[in-house]
Amino acid sequence: MVGLLEQPLAAVSAWLANTSLSHLLQNVDWLVPAIQTVHILGVAVVMAAVLLVTLGAFGLHGRGQPLARTVGRFAPAVYLGVPVLLLSGLLMITAEPDRALPNPAFQIKMALLIIALTLSSLAARRAQRAGRSESAPASIGLRIVAAVALGLWLAVLVAGRWIAYTLSR
Amino acid sequence: MTLASLLDALYQTPLADQIRENEFAFPSIETVHVLAISLVVGSIAVLDLRLLGWASRERPVSRLSAEVLPVTWTAFAVAVATGLLLFASNAPKYAANPYFRVKLVLILLAGINMLVFQRLTRRNLATWDVEAATPRAARIAAALSLVAWTMVVAAGRWIGFTMLAGY
């Protein structure tokens, strides 16, 4: 990515690979696949929640109740799922820092993740302000933000899977 | 035709060859497969948590099912289609992989659990549709479903690690 970050990233990578946690993760065969399983379950929770809320903004989910309520129903899933994803992700990085940190797919994934999180929380806040009592349809603006955020979450998933196939260095 | 020759014939098809040869094909199909499975598991969990009485307690079960199941079934169809393509790319090896076999059995068990729920437990749905508290049989079905799908995801990941195409 940015040439400036290359050196410090390599240093962090080398340090991380030498920690006892990293050694443990490398030496116990089932740990990394188990952590990846938890990671995918986290993806399942977040993606389903984001999709259903987005469908809600388009009037295709949670019909007959205010959008704010649909958001309220699924926001906790995202608040729970994202920390699980960050923690399992950190463990995967610790297991094999060189597989992730210098990998362009990983770097793109992190950038997309920040934008996706920002847009989603923006959309959620707007939806909750828009109508607490009425089941009025979401505004065009809100629909666009929600759809773009969903697209970004998809891109995060794609970049994530691509880490496995991108040769670093 | 034996199973082995059938698997070999599948391996020899031009489509399977394309998936092996084109370096973007396998990761792309696999990405769609992961997305589809995520949506199957995530959407089914929405229903399971309602049946357990842990979430969406104010939504009638029938209404929630009608809204969520189309997502589940669409995602499941995509997961099966992409799964078949991944399988075709290396059919004999996948068929011999123990985790692949376990995964198929788990999906079958999840299906049987769902059928039992649909045919028996849901029959008197009208009497508990709007209740936050659900019958014991519904809670058991929901718990079994969550366990089965979690194990499907795990088995899938273990296939990746034992086939070593890229994990």
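Residue by residue along A:30-43, Cβ atoms of other protein chains within 10 Å of the local Cβ number 5 on average.
Between A:I144 and B:A77, the simple spin-label model (points 7 angstrom out along Cα→Cβ) gives 3.2 nm.
How would you order A:9-17, A:41-49 from highest to lowest mean count of nearby Cβ atoms within 10 Å?
On the way: A:9-17: 14.8, A:41-49: 24.8.
In decreasing order of mean packing, A:9-17, A:41-49 become A:41-49, A:9-17.
Normalised size of the range B:3-163, defined as Cα radius of gyration per 2.2 N^0.38 Å with N residues, equals 1.20.
For the range B:38-107, which trypsin sites (Lys or Arg not before Pro) are both in a DSSP coil and crowded by at most 16 other Cβ atoms within 10 Å?
On the way: sites: B:R50, B:R57, B:R63, B:K93, B:R101, B:K103; in loops: B:R57.
Of the trypsin sites (Lys or Arg not before Pro), the ones in loops of the range B:38-107 whose Cβ has at most 16 other Cβ atoms within 10 Å are B:R57.
In percent, rounded to a whole number, the relative contact order of the range A:17-165 is 33, using alpha-carbon pairs under 8 Å and six or more apart. Taken about its Cα centre, the range B:1-104 carries a charge dipole of about 460 debye when Lys and Arg each add +1 at the Cβ and Asp and Glu each add -1 at the Cβ.
Axis of helix B:25-51 versus longest Cα principal axis of chain B: the two differ by about 10°, to the nearest ten degrees. Annotation: amide H of A:H61 within the under-5 Å range of A:G56, sequence separation 5 or more or interchain, hydrogens built in the peptide plane. In terms of its C-alpha gyration tensor, the protein assembly as shown has an oblate overall shape, because the principal axis ratio a/c (a ≥ b ≥ c, square roots of the eigenvalues) is not below 1.5 and a/b does not outweigh b/c. Seen against the Cα atoms of chain B and their longest principal axis, helix B:98-119 is set at about 30 degrees.
Axis angle, to the nearest 10 degrees, between helix A:3-17 and the longest C-alpha principal axis of chain A: 70 degrees. Taking every alpha-carbon pair under 8 Å whose residues sit at least 6 apart, the range B:94-167 reaches a relative contact order of 50 percent. Mean per-residue shielding of peptide B:28-39 is 5, counting Cβ atoms of other chains within 10 Å of each Cβ.
No lab work stands behind these numbers, since they all come straight from the coordinates. Worth saying up front: this structure is predicted, and the values here are computed from it rather than measured. Backbone-built Cβ (ideal geometry, glycine too); neighbour counts: all protein chains shown.
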